[in-house]
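FYI, it's all coordinate maths here, none of it is from the lab. This one's a predicted model, so the numbers in the text were calculated from it and none came from an experiment. FYI the Cβ positions are ideal-geometry reconstructions off the backbone, even for glycines, and counts take in every protein chain you see.
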Amino acid sequence: MADRTYTTPQGQSTRERIIEVAIGVFASRGFRSVPLDVIAAEAGVSRQGLLYHFESKAELLVAVLEQHERDNEQRGLELFAANNRDLIATMRAYVRASVENRGLIRMLLVLAAEAMDADHPAHEFFVERYRYTRDGLEARIAAEQAAGRMIDDVPPKRLAAVAVAVADGLQLQEYLDDGSVELEETLADLLRLFLKRPASESPDA
């Protein structure tokens, strides 16, 4: 279904409220076990009112995930520019922004686990999400290696896969046991392992 065009601010506001409620519900209960009636009631609309904006629960789920990805991508670009393209500073700022919205993190972790089933409506979304995340990191790592700022004895593709796996694993641990892994510092330390030290900081200097 193409994106619906709204002629009044109220229509767009209702859609946004439904998405916001769905994030919380999917985060706490997953996708499969939640009836649309629950989401509609929490959003303050009727079931038919919800179906006016989203033709099915699967369509609502995809809208939630796509909205998150748009916001996520824009935030990443803004943070990279704001931190003068410094990878560690950008990563720290990104982690801080992410942990401020634990509901979104929980939702993604829960849905990613559910979406391992090929018939899950978010399966293809997560396949593509991981693919383009790895591809984007691979391109950034290759650029850093070409500029001499990152070790180049490991292929960018492998480093990107490791980075994604570690970030997801640490987020899961952090969510299960709040503060147990020092997420920001641990990811910063990992990134430092792959960055080349300036000659003035080398142990042999």
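Computed FRET efficiency, Cβ-Cβ of D117 and A188, R0 35 Å: what is it to the nearest 0.05? My answer for the efficiency is 0.50.
Just to be sure I understand the rule: take each whole DSSP H helix in the chain, project its Cα atoms onto its long axis, keep it if the span is 24 Å or more and its mean Kyte-Doolittle hydropathy is at least -1.0. Which ones pass? Provide the component values of the computation, followed by the final result.
Values: long enough: 9-29 (30 Å, -0.19); 57-82 (37 Å, -0.41); 123-146 (35 Å, -0.86); 156-176 (30 Å, 0.53).
Span-like helices in the chain: 9-29, 57-82, 123-146, 156-176.
For the chain, what does the relative contact order come out to in percent, with C-alpha contacts under 8 Å and a separation of six or more?
On the way: 147 pairs, mean separation 39.0, N = 205.
It rounds to 19 percent for the chain.
The charge dipole of the range 43-154, taken about the Cα centre with unit charges on the Cβ atoms of Lys, Arg (+1) and Asp, Glu (-1), comes to about 480 debye, rounded to the nearest 20. Loop-resident GluC sites (Glu not before Pro) (DSSP state other than H, G, I, E or B) in the range 65-162 with no more than 14 further Cβ atoms inside 10 Å of their Cβ: E100.
Here the sum of -39500 (n - 2.57) over DSSP H runs of 4 or more residues, divided by the residues of the chain, equals -23500 deg cm²/dmol at 222 nm, to the nearest 500.
Taken along the Cα-to-beta-carbon direction at a fixed 7 Å, the label points for R96 and Q12 span 3.0 nm. Between the C-alpha center of the range 4-62 and that of the range 108-164 there is a gap of 29 Å.
In terms of other Cβ atoms within 10 Å, D177, D119 run from fewest to most in the order D119, D177. Report the local net charge at E184: Lys and Arg +1, Asp and Glu -1, summed over other residues whose C-beta lies under 9 Å from its C-beta. With Lys, Arg at +1 and Asp, Glu at -1, the net is 0.
Could you put M116, M91 in order, starting from the residue whose Cβ has the fewest other Cβ atoms within 10 Å? Before the final figure, lay out the partial values.
Values: M116 9, M91 20.
Sorted ascending by nearby Cβ count, the order is M116, M91.
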